[in-house]
Amino acid sequence: MLRVMNACLSKGDFPRNWKKAKLVLIPKHSEVEGEKKYRPICMLSTVGKLLERLLCERIRAEVEARGGLSDRQYGFREHKSTTDAVTKVVELTREATKGSYQSKKLGIMISFDVRNAFNSAPWDKIIKALEERQVPAYLIKMVEGYFQDRLLVVGEDQTKMRLSRGVPQGSVLGSLVWNVFYDGVLRLKMAQETETIDYADDLALIVTAKDAGRLVEAANESVGKVIGWMNKHGLELAGEKTEIVVIAGRRKLKSVEIRVGGYMVQSREAIKYLGVWIDKDLRMVQHVKKVTEKADRTKALAKIMPNEDIPSSGKRRILVGVVHSILTYAAPAWTDVMRIRNYKMLLERCQRRCQTKPCR
């Protein structure tokens, strides 16, 4: 196996049989219907993934040696998580809006949706991003070979489709080259009042300003730059799915309206980002309500558990574990809400009911 891998690297060849992917559709937990209800995952050759891993280690080392990726990219990276990304949103907002009444700023968060992001990334743009990072030619040749002649096997009839763009979801190398490619949007020179946060393709802008007029102006300027980058690099924002929430203000800022392409997007009372509900003025109250509702629905599974061949102690451990993970997900980002007695009691009551009622 070692000789095979070394031969592939020395010849710059990624064997064709290792690039054949079987499509598996994973249902998303959302209300959308049709093809958007599913996440396409590629089942790939295990040996091919081993070669991908070798390439990943070498490309990552070259990228890191030349400045690395933006610290604002939290997806597909060691020691970074969705919790870190959401916590950073909270930290940036509180840092920008702390101080006296006169020095506090207004702030909004804009969350973008990229249409079919991973499946739309142009291969030539990915290669160009690697070249701009001065990745050695033999590694770039391997990535070109990795993309060339990729086949997707679909359905029970094994229909074969030849791919011409996109990175396979479920691959090892795909996530790294996506990060190198998408790093460009995180390095855009935004308006001074704007900060970017990203997890994989889930891009968010944090915009703060002293007054509402400048806030909207800076937001529109930064959104325009994001749209320009997307258009130039073969991606498209779904303007109708862009969400905005007012997250800071020294006085009541009822709403904000931002132009995203051909759409005027109105701010909401709360938006969901990376599984966390971020509400107006960053109170995080909506998140507590949503997770306790979800935990209560999960506890209801106890009613059907007696019909399963699992010991009672095992049932309880499973149920308590799931409920606990729901209630504590991304806790560092919203833990301040526990200072409010009513919401602290709401969380405690939900967990206590799960612990005191046995699964019979």
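The values are calculated or read from the model by the stated rules, or taken from the named source; none is laboratory data. Everything numeric here is computed off the predicted structure, so don't read it as measured data. No Cβ is skipped: glycine too gets one built from the backbone with ideal geometry, and neighbour counts run over all protein chains shown.
Laid out as a table, the results:
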| item | result |
| --- | --- |
| Per-region count, region 121-133, residues farther than 13 Å from Pro168 by Cβ and not charged (D, E, K, R) | 4 |
| Whichever residue in region 84-100 is closer than 15 Å to Asp281 by Cβ and among the hydroxyl-bearing types (Ser, Thr, Tyr) and, among such residues, is modelled with the highest pLDDT | Thr93 |
| Of residues in region 102-124 being hydrophobic (A, V, I, L, M, F, W, C) and closer than 30 Å to Val246 by Cβ, the one surrounded by the fewest Cβ atoms within 10 Å (Cβ to Cβ) | Val114 |
| Test: Arg72 is under 30 Å from Arg115 (Cα atoms), basic (Lys, Arg) and modelled with pLDDT of 95 or more | yes |
| Matching entry among Thr93, Thr87 (being among the polar types (S, T, N, Q) and in contact with a strand residue (DSSP E or B) (Cβ under 8 Å, 6 or more places away or on another chain)) | Thr93 |
| Single residue of region 97-110 satisfying the filter (hydrophobic (A, V, I, L, M, F, W, C) and out of contact with any Asp or Glu (no Cβ under 8 Å at 6 or more places or on another chain)) that is nearest to Ala204 (Cα to Cα) | Met109 |
| Breaking point among (1) outside any helix (DSSP H, G or I); (2) surrounded by fewer than 19 Cβ atoms within 10 Å (Cβ to Cβ); (3) within 25 Å of the chain's Cα centre (by Cα), for Glu91 | (1) |
| Given (1) in a strand (DSSP E or B); (2) surrounded by 15 or more Cβ atoms within 10 Å (Cβ to Cβ), index of the condition Met264 fails | (2) |
| Conditions (1) closer than 17 Å to Glu195 by Cβ; (2) assigned to a helix (DSSP H, G or I): number failed by Ile247 | (2) |
| Selected residue [in contact (Cβ under 8 Å) with a residue 40 or more places away in the chain, in contact with a Phe, Trp or Tyr (Cβ under 8 Å, 6 or more places away or on another chain), surrounded by 15 or more Cβ atoms within 10 Å (Cβ to Cβ) and under 22 Å from Lys98 (Cβ atoms)] from Val245, Val256, Val226, Val285 | Val285 |
| Any chance Thr208 is among the hydroxyl-bearing types (Ser, Thr, Tyr), farther than 30 Å from Lys280 by Cα and modelled with pLDDT under 95 | no |
| Cross-chain or 6+ apart pairs with Cβ under 6 Å, region 1-27 first and surrounded by fewer than 12 Cβ atoms within 10 Å (Cβ to Cβ), then hydroxyl-bearing (Ser, Thr, Tyr) and at pLDDT below 95 | Pro27/Tyr38 |
| Subset of region 109-132 that is under 14 Å from the mean Cα position of the chain (by Cα) and part of a helix (DSSP H, G or I) - its residue that is farthest from Phe76 (Cα to Cα) | Ala117 |
| Failed item, numbered, when Lys80 is tested on (1) closer than 22 Å to His287 by Cα; (2) among the charged types (D, E, K, R); (3) assigned to a helix (DSSP H, G or I) | (3) |
| Among the residues listed as Lys344, Lys299, Lys294, Lys252, the single one being among the basic types (Lys, Arg), in a helix (DSSP H, G or I) and modelled with pLDDT under 85 | Lys299 |
| Residue identified as out of contact with any Lys or Arg (no Cβ under 8 Å at 6 or more places or on another chain) and within 30 Å of Leu327 (Cα to Cα) among Val256, Val276, Val216, Val226 | Val276 |
